[in-house]
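Below is one structure, written out as structure tokens; the observations come after it.
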């Protein structure tokens, strides 16, 4: 009746007013949510047992004296469900009172992992679960947690695992969650294949990546397990390897694992190498206010790189040179970018751009994720500190230094502007990895059989130090060593190394003598100049020489004990384009054992030089030169254990240790030794044999010089040989085989045409 009277009044009004009134009534009748809001005067809550009324009201977002409509009620309902505390909720408004009726989710009393004995894996699984003990149970999250467990197990090699869940309901509205896990067999890598236009042979590419094929002797290695994250690392390693060898446009089209059976996978990398590129024009663009002369060395470097094979390492050398210039000339606020432009199909123009940046300083450096590792270990790798000028170049080098410690799975960083907008805050986030290692090795060949094993901790006491022990056994020797290496001793850029070792070498049957040596050493190593490393070490050795009837008079004369204090130092200059499978550059090393105190004061010097050159059709040439000297600084003869023998890898075609001076029937080594080695890969001779590398070689060497007159010394004879060397990745381990034909020899030499060794480290 009221509505009828209201309509009669409306009809008597003007046209516009009629429309307004009708629209208002329409909204009231058909859209009550837009009606005038009520004021909350009271709350009535029902069904809660653990959670207080105050908490529920707080989470709802509603307050006494708030205006409220149905839209507000819907928002509150959503907020309460988002807490995950409740299984069901209803909210109503009646006469200014909010009525909330709900049913609480059970509380998770315990979470158990069954089927896994390894506690560290159990803890890792619990960490990734969405649901935790003493939190509300949400049934929809069970499936999500099952998937998380499966994915975590796959990362750890258990690709065939199964997870079942049992929910035990208790009387006090709590539940126990039990995840019953059947690990199954660990997913192993049976084969690693490389398909597509890959240029390099499979056995060489296998050495580039971390993943490896499962072999029976690799029972200690986890690299044979299927790990998707490791595949990503493998892709990056392959991509960088190709780019360092000139293949600028290389693409890893795919990297996937396919199941062979219930235990094994096959890993396939699909590679499109593209064409080989070289540098064309290299330009340096510097700000006008910078001194041109400061960059003269860099300009010369760019000139030398013209027409050279494109390489990421070469670009890194350029950036390193800029770093040195910036530090030497106080260019603190410097930004470096480079542009690459392809021209003439396979040539690249490189532009290096230097710009003056806005002046910022480092306000704070935050380090996260180092639960075991001391923060000091990480900060030692930083090239700038809090308060220093912010330099992006130094920051990137610092991050690379941290990664080089090899104690972290990942190292991430970001840079933020401080609150005052004048400084920078650097955040570094590390993920620690297990740093304990066990290794073993075995081999056999023409030179005899050998076993080796060891154990080490690469982050000892969280200080980034390496503590370990190593043992090796051959048919004639036993060697053991305990060592501790600190890479940044007392916050410096120098390492401090200590070791204690003992060795026994038994040549009684073959040469009539035996040596026993016990000693310790301590020393340091550091980069003196760019790519030049210096490593002085003090050694103390106690050596005992015993002989039998087979020994020559000279050896019997040297029977007894010796105490030595030696300064052993080495210098290494490394100019290789890459340490693994180098194709260009050279490496030079020199070492000297200088007697500070000795029974015979024997001075030993060694020099080694190797250079590499690769042609445009991928033929790789190498040339190596080696020399060594040993002489007594007193009137005594050089000790038999310190005399020179040409390393067996430097002279093929001859039995190791059986050339040069003799005393009776004994080969006694010389005061001097040298060798020169030339090698070349063969052009596409065995392209179909992906596990076989063949090279041609020429070896030449000599050992000469004696301290006594009773020996035969054919020092005029240069020993030389030529032949083929094969490196073959067999099912039972890598095989090295050489066939050599002596070209020149002395009458006293013992030749050996075939030499092989098969073995591996696991």
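At-a-glance table
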read-out	value
Selection within segment 565-595 - farther than 22 Å from residue 627 by Cα and touching a residue at least 40 places away in the same chain (Cβ under 8 Å)	577, 578, 580, 581, 583, 584
Identity of the residue in segment 495-523, touching a helix residue (DSSP H, G or I) at 6+ places or on another chain (Cβ under 7 Å) and part of a strand (DSSP E or B), that ends up surrounded by the most Cβ atoms within 10 Å (Cβ to Cβ)	513
Residues located in segment 621-640, provided they are surrounded by fewer than 18 Cβ atoms within 10 Å (Cβ to Cβ) and outside any loop (DSSP other than H, G, I, E, B)	621, 623, 625, 627
Elements of type strands (runs of 3 or more DSSP E) in segment 40-150, at least 3 residues being touching a helix residue (DSSP H, G or I) at 6+ places or on another chain (Cβ under 7 Å)	86-94
Test result for residue 491, exposed (fewer than 15 other Cβ atoms within 10 Å of the Cβ) and under 25 Å from the mean Cα position of the chain (by Cα)	yes
Conditions (1) more than 24 Å from residue 719 (Cα to Cα); (2) in a loop (DSSP other than H, G, I, E, B); (3) touching a strand residue (DSSP E or B) at 6+ places or on another chain (Cβ under 8 Å): number failed by residue 657	(1)
Residues located in segment 249-267, provided they are surrounded by fewer than 18 Cβ atoms within 10 Å (Cβ to Cβ) and closer than 21 Å to residue 614 by Cα	249
Index of the failed condition, residue 144 passing every other in (1) modelled with pLDDT of 90 or more; (2) surrounded by 14 or more Cβ atoms within 10 Å (Cβ to Cβ)	(2)
Members of segment 730-749 found to be at pLDDT below 90, surrounded by fewer than 16 Cβ atoms within 10 Å (Cβ to Cβ) and over 43 Å from the mean Cα position of the chain (by Cα), listed by number	747
Filter result (over 28 Å from residue 238 (Cβ atoms) and surrounded by fewer than 17 Cβ atoms within 10 Å (Cβ to Cβ)) within segment 305-331	324, 327, 328, 329, 330
Members of segment 326-385 found to be without any contact (Cβ under 8 Å) to a residue 40 or more places away in the chain, under 30 Å from residue 409 (Cα atoms) and in the same structural domain as residue 292 (by TED's automatic domain parsing), listed by number	337, 338
So residue 270, is it over 23 Å from residue 341 (Cβ atoms) and surrounded by 15 or more Cβ atoms within 10 Å (Cβ to Cβ)	yes
Residue match in segment 655-671 (condition: surrounded by fewer than 16 Cβ atoms within 10 Å (Cβ to Cβ), under 39 Å from the mean Cα position of the chain (by Cα) and in contact (Cβ under 8 Å) with a residue 24 or more places away in the chain)	no
Residue satisfying condition, being outside the structural domain of residue 383 (by TED's automatic domain parsing), within 30 Å of residue 317 (Cβ to Cβ), touching a strand residue (DSSP E or B) at 6+ places or on another chain (Cβ under 8 Å) and not in a loop (DSSP other than H, G, I, E, B), within set 427, 481, 458, 409	458
Sole residue being closer than 30 Å to residue 693 by Cα and either assigned by TED's automatic domain parsing to the domain that holds residue 87 or surrounded by fewer than 19 Cβ atoms within 10 Å (Cβ to Cβ) (or both), chosen from 188, 205	188
Residues of segment 469-491 satisfying the condition of being closer than 21 Å to residue 535 by Cβ and touching a residue at least 24 places away in the same chain (Cβ under 8 Å)	479, 484, 487, 488, 489, 491
Some residue of segment 482-492 being at pLDDT 90 or above and over 25 Å from residue 433 (Cβ atoms)	no
Matching option when the condition is at pLDDT below 90 and either under 29 Å from residue 47 (Cα atoms) or more than 33 Å from the chain's Cα centre (by Cα) (or both), among 152, 120, 161, 136	136
Top-ranked residue in segment 665-685 [being in contact with a helix residue (DSSP H, G or I) (Cβ under 8 Å, 6 or more places away or on another chain) and in a loop (DSSP other than H, G, I, E, B); ranked as modelled with the lowest pLDDT]	668
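Residue-by-condition table, conditions (1) part of a helix (DSSP H, G or I); (2) within 30 Å of residue 317 (Cα to Cα):
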position: 166; (1), (2): no, no
position: 190; (1), (2): no, no
position: 206; (1), (2): yes, yes
position: 229; (1), (2): yes, yes
position: 234; (1), (2): yes, yes
position: 248; (1), (2): no, yes
position: 254; (1), (2): no, no
position: 262; (1), (2): no, no
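So that you can scan it fast, the table gives a plain yes or no per residue for (1) out of contact with any strand residue (DSSP E or B) (no Cβ under 8 Å at 6 or more places or on another chain); (2) without any contact (Cβ under 8 Å) to a residue 12 or more places away in the chain; (3) in the same structural domain as residue 225 (by TED's automatic domain parsing):
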position: 243; (1), (2), (3): yes, no, yes
position: 253; (1), (2), (3): no, no, yes
position: 263; (1), (2), (3): no, no, yes
position: 285; (1), (2), (3): no, no, no
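The values are calculated or read from the model by the stated rules, or taken from the named source; none is laboratory data. Bear in mind that the values here come from a model prediction, so they are computed numbers and not experimental data. FYI the Cβ positions are ideal-geometry reconstructions off the backbone, even for glycines, and counts take in every protein chain you see.
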